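Okay, so here's the structure we're looking at.
The values are calculated or read from the model by the stated rules, or taken from the named source; none is laboratory data. Small disclaimer: the values here were computed from a predicted structure and weren't measured. Note that each Cβ is placed from the backbone with ideal geometry, even for glycine, and that neighbours are counted across all protein chains shown. Note: accessible area is taken over every heavy atom of the protein model, side chains too, but ligands, DNA and RNA are not part of it. Shrake-Rupley method; radii C 1.70, N 1.55, O 1.52, S 1.80 Å.
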Amino acid sequence: MPDTIPVDSVGLVTPQVAQFDTPLVLACGQTLPTYQLIYETYGQLNADASNAILICHALSGDHHAAGYHSMDDKKPGWWDTAIGPGKPIDTNIFFVISLNNLGGCNGSTGPTTVNPETGKVWGAEFPMVTVEDWVETQARLADRFGIQKFAAIVGGSLGGMQVLEWSVRYPERLSAAAIIASAPKLSTQNIAFNEVARQSIRRDPEFFDGNYQDHDTIPHNGLGLARMLGHITYLSDDSMGNKFGRQMRHDTYQYNYEVEFEVESYLRYQGEAFTKRFDANTYMLMTKALDYFDPAAREGGDLAKVLSKAQCEFLIVSFTTDWRFSPERSEEIVDALVRSGKHVSYTKIEAIEGHDAFLFPLPRYMAALRGFLSRVSKRLPKENA
Amino acid sequence: MRADLELISDWVAPNSRVLDLGCGNGALLEHLQEHKHVTGYGLEFDADNINQCIEKGIPVLEQDIDQGLTNFDDQGFDVVIMAHALQQFRRPDLLLDEMLRIGKEAIITFPNFGHWRNRIHLGIKGHMPFSEFLPYNWYDTPNIHFCTFNDFRDLCQAKGLKVERWAAVDGQLRDHWWTRLMPNLFSETAIFKVSR
């Protein structure tokens, strides 16, 4: 709980909901006649709507990227370290929009909301959504604000994939793209991890083929297990080692299956905490969106050809110990951008935190983001200078 | 504007696609963008330099050149530049090959180890040269493959490379009749433009 709001915080924020009544044809072939998106904004939109930055969230993220919902909040939004007055994504200069993606479970239409056609919670009936679908809905949200062109679109991990898709789907609608700890498509190993996560959810007897809400239950064990697995892959060997080593609960081995090592306790806690804030069907949908994303496939595997449509300047960032979205995956994007002659800068940040590093305010990383966006801000009309 | 950058800039055709290996804070690319309307990228390894480039809007790629340049396509650039760094890499000869695989031309500048002052250091005093221009001890120098003006020219010849242009200049990058007459003895910096 913040006793007082820090001066570099966006302060107390209230989420807003936008209702869309224009049907949305999804990549999977189904159509959503209506849907809602929940979002937050920070900073002020300027007169010609040219200072907007869109934040795209990752697998378990949501619209609450910065600030506090109330003075009772234990923690600020998930990317509060980067968004705020004077921070790299400077809300004194930029108008920041952060939304919960379609299919999410934090207020946007998704498996946990009611299907207006049936009057029942969507549950397993909610259609599969893809990165392309998200970009489409984000563009419609931008239209609501009269934003023709974003000053920048920024995202890490799955969020970075949305930024990449934006750059080629609506090349004229963004001046700058920051793609952090991301990939142009998932590796085989990554899809495999996702499949284990999904199987652990689906094999939970409480899953009921995704209709657990009809049974007033949730697949605790499966979702917790999926998160435990995911969590391991977001950290590095060294960061886990530094944090827990072989620290034990007791002085001697107990020779049973209760928690012996602190890392076991930590993972169980992480898994359990996740089940309280996240929906299993949404988790399944998000992992599928990750698996399906492969823009290069539209041009026979030629990523450079796909990216040749892009018009924005790119910043690509990777982290040395990230093995879930390794630097090599980011470099695939960089190489394709170089091949197609695009304006791109790439930096590989020395970090111990693994994939999670993209959420940490590492000085070199923050300086790169700040420098990149300060360039963007120089192109804005004078009122923002 | 550093004099060596000015000089290199004169050798780059307008609107070229340029790759600058070891681009530092991006000063050369900035100059080339402004005066020659080039496009291209700098490769750099130093964090501060990279962030300076990003802030200036100079496209910079973090890459360890010693790990290879295989990510770049054949003949993808008009000119590949390496200013004052060739002697710092593990295999300058192979790097030169790579530069000419990636680029149609290569521009290289390096300190001429055959300069008379270096010869005095080594020949008379019996010590490795140490100067304002080469301010390192033998054990901490990044310059692990020094060569002379003539050595480099011989390497180009052995590789069958065409020297399109060369310059032999003093520490301030000025050329004089004596540096031109006896480059191996009088030039402090050698500049070559080569092609295959």
Residue satisfying all of: in the stretch A:166-193; part of a helix (DSSP H, G or I) and buried (at least 24 other Cβ atoms within 10 Å of the Cβ); nearest to the chain's Cα centre (by Cα) among these
A:TRP166
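Conditions (1) more than 9 Å from chain B (Cβ to nearest Cβ); (2) within 20 Å of the chain's Cα centre (by Cα); (3) at pLDDT 95 or above; (4) surrounded by 19 or more Cβ atoms within 10 Å (Cβ to Cβ), marked per residue:
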position	(1), (2), (3), (4)
A:ARG329	yes, yes, yes, yes
A:VAL338	no, no, yes, yes
A:GLU350	no, no, yes, no
A:GLU353	yes, yes, yes, yes
A:ASP356	yes, yes, yes, yes
A:PHE360	yes, yes, yes, no
A:ARG364	no, no, yes, no
A:ALA367	no, no, yes, yes
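Residue-wise test of (1) under 23 Å from the mean Cα position of the chain (by Cα); (2) open to solvent by 40 Å² or more (accessible area, probe 1.4 Å); (3) more than 14 Å from every other protein chain (Cβ to nearest Cβ); (4) free of Cβ contacts under 8 Å to residues at least 60 places away in the same chain.
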| site | (1), (2), (3), (4) |
| --- | --- |
| A:GLU264 | no, yes, yes, yes |
| A:ARG277 | yes, yes, yes, yes |
| A:TYR292 | yes, yes, yes, no |
| A:ALA296 | yes, no, yes, no |
| A:TRP323 | yes, yes, yes, no |
State which residue is nearest to A:PRO23 (Cα to Cα) when the search covers only the stretch A:116-135 and only residues that are out of contact with any Lys or Arg (no Cβ under 8 Å at 6 or more places or on another chain) and in a helix (DSSP H, G or I).
A:ASP133
Selected residue [surrounded by fewer than 21 Cβ atoms within 10 Å (Cβ to Cβ), within 14 Å of chain A (Cβ to nearest Cβ), of a type outside the set (Val, Ile, Thr) and over 15 Å from the mean Cα position of the chain (by Cα)] from B:ASP140, B:ASP154, B:ASP73:
B:ASP73
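Matching residues to (1) farther than 25 Å from A:ILE352 by Cα; (2) at pLDDT below 95:
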{"position": "A:HIS220", "(1), (2)": "yes, no"}
{"position": "A:LEU223", "(1), (2)": "yes, no"}
{"position": "A:ALA226", "(1), (2)": "no, no"}
{"position": "A:LEU235", "(1), (2)": "no, no"}
{"position": "A:MET240", "(1), (2)": "no, no"}
{"position": "A:ASP251", "(1), (2)": "yes, yes"}
{"position": "A:GLU264", "(1), (2)": "no, no"}
{"position": "A:LEU267", "(1), (2)": "no, no"}
{"position": "A:GLY271", "(1), (2)": "no, no"}
Segments classed as strands (runs of 3 or more DSSP E), wholly inside the stretch A:2-115, with at least 3 members that are open to solvent by less than 10 Å² (accessible area, probe 1.4 Å), in contact with a strand residue (DSSP E or B) (Cβ under 9 Å, 6 or more places away or on another chain) and farther than 21 Å from A:GLU165 by Cα
A:35-42
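When you look at A:ALA273, is it of a type in the set (A, V, I, L, M), outside the structural domain of A:SER374 (by the TED database), under 18 Å from the mean Cα position of the chain (by Cα) and open to solvent by less than 80 Å² (accessible area, probe 1.4 Å), yes or no?
On the way: of a type in the set (A, V, I, L, M): yes; outside the structural domain of A:SER374 (by the TED database): yes; under 18 Å from the mean Cα position of the chain (by Cα): no; open to solvent by less than 80 Å² (accessible area, probe 1.4 Å): yes.
Answer is no for this residue.
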Any residue at all in the stretch B:183-196 that is closer than 23 Å to B:LEU28 by Cβ, touching a Cys at 6+ places or on another chain (Cβ under 6 Å) and buried (at least 21 other Cβ atoms within 10 Å of the Cβ)?
yes
What pairs come out if I take residues in the stretch B:43-56 that are more than 8 Å from every other protein chain (Cβ to nearest Cβ) and within 8 Å of B:ASN25 (Cα to Cα) and pair them with residues that are of a type in the set (A, V, I, L, M, F, W, C) and not in a helix (DSSP H, G or I) whose C-beta lies under 8 Å away, six or more apart or interchain?
B:ASN49/B:CYS23; B:ASN49/B:VAL60
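For the stretch B:57-70, how many residues meet the condition of being at positive phi and either touching a Pro at 6+ places or on another chain (Cβ under 7 Å) or at the interface with chain A (Cβ under 8 Å from one of its Cβ atoms) (or both)? Give the derivation first.
Restricting attention to the stretch B:57-70, the residues satisfying the condition of being at positive phi are B:57, B:68.
From what's left, either touching a Pro at 6+ places or on another chain (Cβ under 7 Å) or at the interface with chain A (Cβ under 8 Å from one of its Cβ atoms) (or both): B:57.
Selection size over the stretch B:57-70: 1.
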